[in-house]
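Following: one structure in structure tokens, then a few remarks.
The values are calculated or read from the model by the stated rules, or taken from the named source; none is laboratory data. All values reported here derive from a predicted model rather than from experimental measurement. No Cβ is skipped: glycine too gets one built from the backbone with ideal geometry, and neighbour counts run over all protein chains shown. The area values use the complete protein model at the heavy-atom level, side chains included, leaving out ligands, DNA and RNA. Shrake-Rupley method; radii C 1.70, N 1.55, O 1.52, S 1.80 Å.
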Amino acid sequence: MIRYIFITGGVVSSLGKGIASAALGALLQSRGYGVRLRKLDPYLNVDPGTMSPRQHGEVFVTDDGAETDLDLGHYERFTGVSARQSDNITTGRIYSNIIERERRGDYLGATIQVIPHVTNEIKSFVLNDPGQGVDFVLCEIGGTVGDIEGLPFFEAIRQLGQELGPQRAVFIHLTLLPYIPAAGEMKTKPTQHSVKELRSIGIQPQILLCRCDRPIPENEKGKIASFCNVRPSSVIEARDVGHIYDVPIAYHTEGLDTEVLAHFGIQDAPVPDLSAWQRIAHTIRHPDGEVCIGLVGKYTDVPDAYKSVMEALGHGGLANQVKIDIRLIDSERFDDEVAPLDILEGVHGILLPGGFGERGAHGKMRAARFARERKIPCFGICYGMQLSVIEAARQLVGIKNASTSEFGPTREPVVGLMEEWTKGNEKVVRDANTDLGGTMRLGAYPARLAKGSLVAEIYGKDEVFERHRHRYEVNTKYIPALEAKGVHFSGMSPDGRLPEIFELRDHPWFVGVQFHPELRSRPFEPHPLFASFIAAAIRQSRLV
Ligand code: GLN
């Protein structure tokens, strides 16, 4: 029997609903249960693929090529369960499915309405086959209760609560208990109002997860329980912790998973094995040292844009027992050839993340050159890899006009679109740069690794599957010239047409990958490339 856990949020956004859901998933897993996590996003975009990272943080890509909300990244990192296309839905997707069917005549002339058509679509998303061995499906509803666009979602889960019954459905509401210094008190009123709002649309939450920055006094817990109509033990303190990987243990200590199981009347649940989380917490608290990584990109003012990259660097740190000091460096500040690069001095490694567009790209190329010439470990990811290859083509091979068609038509498309290599680039590039929908290589693809290469040694395999999200590719025509200058293409697509990885021969550690390894890194299984990059940064830190 599959049980459903609905997680809603109230009072304000950014309370960490994604992490709370992921942590509960991890706790249930630690008791031996199978979980699947799903995210319902009320916004109107069909998927977050076209949204600016400035608005929405990174786009998390699944193995099956879905562009999803970054919370799915938390789910994967906390539970190790790979998310799929069918784990994230938006209002935009629901409407576009419904309208497509309506246009096809599938509704046989019926009037299409929010209830039941939209709500039914949401319900079938929730109930859709979660896969083998799943005991709990956790569904997080994006946004906060009271948002207009959230209403159909709340109505749908209300109906599900009714249809499944309390033995199979539980509602958890995440709220905020602000502390007002002038009054010297923690305030429960916003929580009461938020629960009232939920109840007015027919949902009575059974468990309240209360974010706070200090312990909740017992009498306040009692008050919340009484006004919000929940058991006192179901008012769970969710106090701020030092690190997100402390959250599962903290919530367990406060009884979250115990309350969920009690709600379902499960009495024979195995005791949780949290030893892996304890080990992580210990490593985070007692590192053997610290390395500084410069993350050079153009969205550095919104760190969520680099969520998985930053997490993966942390995992690389866990693998090497060091703390990572991430220096976010805006590449636009040295786009201009004469701008100084002194901010890069002293970093032990440079990470060039993915990105789009010309702005900030020249700065990234300059950072790549700095790392190459100064022999600082450097990791280029997707755009970071493409730009490093262009930099090498310009400086090492001497192709002064080496470029990417992403900047516009070019005579030297070292990075470009495959079809332009055969058809000539002007028109192809112009069309591609105006029509941006649905033309990306998305999801997991294989790459063959060259025997004896650094990456083959790092991975310990000769074939890997990694997740992609890009439109342009390195042009194989330039490979011989680049190889002659020590740029070794050590990973290729199995048909040999797409360069996937390069490494610099005459450098302590310079690897560029066309894919996004950060999307597959997990605290318990740090991605080998990140672990190796951090190990190289540690060696570098001993030199300076
Ligand atoms: N802009 C580049 C492309 O589309 C790289 C994309 C990325 O870094 N994810 O190919």
Compute the relative contact order of the chain as a whole-number percentage, counting only Cα pairs closer than 8 Å that sit 6 or more residues apart in sequence.
14 percent
Of all DSSP beta bridges having both residues in the chain, the percent classed as antiparallel (nearest 5) is 30 percent
Around HIS263, under 11 Å between beta carbons, what's the net of Lys plus Arg minus Asp minus Glu among the other residues?
+1
Distance (nanometres) between label positions extended 7 Å along Cα→Cβ at GLU149 and LYS461
3.7 nm
Report the label-to-label distance for GLU185 and VAL241 in nanometres (one decimal), using points 7 Å from each Cα along the Cα→Cβ vector.
3.1 nm
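What part of the accessible area of the chain, given as a whole %, is carbon or sulfur when the probe is 1.4 angstrom?
Carbon and sulfur: 50 percent of the exposed surface of the chain.
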Extension reserve of the ALA225-SER86 stretch, reckoned as 0.36 nm per residue once the Cα distance is removed:
46.5 nm
In order over the range 167-174: 3J(HN,Hα) from phi, Karplus 6.51/-1.76/1.60, θ = phi - 60°, whole Hz, x for each Gly or Pro, gives 6, 10, 9, 9, 10, 10, 10, 9
Most to least accessible of LYS400, LYS307, LYS364, LYS223 (protein chains only, probe 1.4 Å):
LYS400, LYS223, LYS307, LYS364
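With a Förster radius of 51 Å, plug the Cβ-Cβ distance of SER275 and THR476 into 1/(1 + (r/R0)^6) and report the FRET value to the nearest 0.05.
The formula returns an efficiency of 0.60 here.
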HN-Hα J in Hz across the range 211-225 - Karplus 6.51, -1.76, 1.60, θ = phi - 60°, x for Gly and Pro:
6, 7, 10, 8, x, 8, x, 3, 5, 5, 4, x, 4, 4, 4
In Å², nearest 10: area of SER14 left accessible to a 1.4 Å probe
110 Å²
Whole-Å distance, taken between Cα centres, linking the range 316-387 and the range 485-540:
15 Å
Which aspartates and glutamates does LYS323 reach when only Cα atoms under 15 Å apart count, and residues fewer than 8 places away in its own chain are ignored?
ASP288, GLU290, GLU311
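By how many nm would the segment from THR253 to ARG285 grow when fully extended, if each residue of separation counts as 0.36 nm and the alpha-carbon distance is taken off?
Separation in residues times 0.36 nm, less the Cα-Cα distance, equals 9.7 nm.
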How far apart, in nanometres, would the label points at ASP506 and SER233 be if each is projected 7 angstrom from Cα along the Cα-to-Cβ direction?
7.0 nm
Built amide H within the under 5 Å cut-off of LEU37, gap 5+:
LEU138
What is the range 264-325 by shape, rounded, prolate or oblate, if you read a ≥ b ≥ c off the alpha carbon gyration tensor as root eigenvalues and call it rounded for a/c under 1.5, prolate for a/b larger than b/c, and oblate otherwise?
oblate
Would you mind getting the accessible area per residue of the chain, heavy atoms of the protein chains only, 1.4 Å probe, in Å²?
41 Å²
Sort VAL81, VAL35 from largest to smallest accessible area, using a 1.4 Å probe on the heavy atoms of the protein chains.
VAL81, VAL35
Plugging the Cβ-Cβ distance of TYR107 and MET418 into 1/(1 + (r/R0)^6) at R0 = 35 Å yields, to the nearest 0.05, a FRET efficiency of 0.30
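Counting Lys +1, Arg +1, Asp -1, Glu -1, what net charge surrounds VAL464 among other residues with beta carbon under 9 Å of its beta carbon?
Neighbourhood net charge equals -2.
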With Cβ to Cβ distances under 15 Å as the rule, what net charge do the other residues near ILE157 carry (K, R +1; D, E -1)?
0
With every protein chain left in place and a probe of 1.4 Å, what is the accessible surface of TYR445, to the nearest 10 Å²?
80 Å²
Solvent-accessible area of GLU420, probe 1.4 Å, all protein chains present, reported in Å² to the nearest ten, please.
10 Å²
Once phi is turned into ³J(HN,Hα) by the Karplus curve 6.51 cos²θ - 1.76 cosθ + 1.60 with θ = phi - 60°, what whole-Hz value does each residue of the range 378-391 show in order, with x for glycine and proline?
9, 10, x, 10, 6, 4, x, 6, 4, 5, 5, 5, 5, 4
